[in-house]
Amino acid sequence: MSDKEAIDEQPAATRSCVTWDVEDPIQKEITGILKSFQYDIMGIISLGRDGVMRSLTADRKVLSAVPFRAELVIAFLERFKGSGMEEWNKKLEGADGTKTPEEKWFAPDDDILPAPLPQERLDEVKNGSEEHKERLRKLLREKENYVDSSGVLD
């Protein structure tokens, strides 16, 4: 299924969130990279100032990392135009992950990664409703590339 077909099948509210050209080859490349990542259910993805896209756990261990060449950085930032992230986008101007040494992809300097998720947020999920936790468990069952590295579902 193409990106466009997948988006067309989504509810209208979800479709309206797509702000980039899903037929653009660069955007397709980004989507493919992100689909290949391993994800922590309490983690995030982060494009660092070093130009490396990373999937991070709640405590900011790197699960997946791919260096983005400059054109991928620019295309990724286009996905967030008008979202209020302009200040962050400025920090990424000129970023090129192909210039980042490979040993830094999975062990970046501390100032590259965002702050860890506060323990309170983890506790909220851990102590939250069984209904919410069951939705997360279902996600883990359905998506082979998702993990619960924080143990919030134990």
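None of the figures in this text is laboratory data; all of them are computed from the coordinates on show. Worth saying up front: this structure is predicted, and the values here are computed from it rather than measured. Backbone-built Cβ (ideal geometry, glycine too); neighbour counts: all protein chains shown.
Among Phe76, Phe68, Phe106, Phe37, which comes first, second and so on when ranked by fewest other beta-carbon atoms within 10 Å?
Details: Phe76 22, Phe68 25, Phe106 13, Phe37 17.
If I rank by nearby Cβ atoms, fewest first, I get Phe106, Phe37, Phe76, Phe68.
Can you compute the modelled spin-label distance between Ser129 and Asn145, with each label point 7 Å from Cα toward Cβ, in nm?
Once both label points are built, they end up 3.0 nm from each other.
What fraction of the DSSP beta bridges in the chain is antiparallel, stated in percent and rounded to the nearest 5?
Roughly 80 percent of the DSSP beta bridges within the chain come out antiparallel.
For the chain, compute Rh as the Kirkwood radius over C-alpha pairs and then the Stokes-Einstein diffusion coefficient at 10 °C and 1.306 mPa s; write the answer in µm²/s, rounded to an integer.
Rounded to a whole number, D works out at 94 µm²/s.
What distance in nm separates the two pseudo spin-label positions at Phe80 and Val22, each 7 Å out from Cα along the beta-carbon direction?
Taking the simple label geometry, Phe80 and Val22 are separated by 2.2 nm.
From the cross-link list Lys91/Lys133; Lys28/Lys143; Lys28/Lys126; Lys35/Lys126, which pairs have alpha carbons spaced over 24 Å apart?
Listed pairs above 24 Å: Lys91/Lys133; Lys28/Lys126; Lys35/Lys126.
Could you tell me, in Å, what Rg and Dmax come out for the Cα atoms of the stretch 104-154?
When restricted to the Cα atoms of the stretch 104-154, Rg and Dmax are 13.8, 39 Å.
Grab the DSSP H runs of the chain that are 4 residues or longer, score each as -39,500 (n - 2.57), total them, divide by all residues and round the 222 nm result to the nearest 500 deg cm²/dmol.
Working: 7 runs with 59 residues, N = 154.
-10500 deg cm²/dmol, from helical runs alone.
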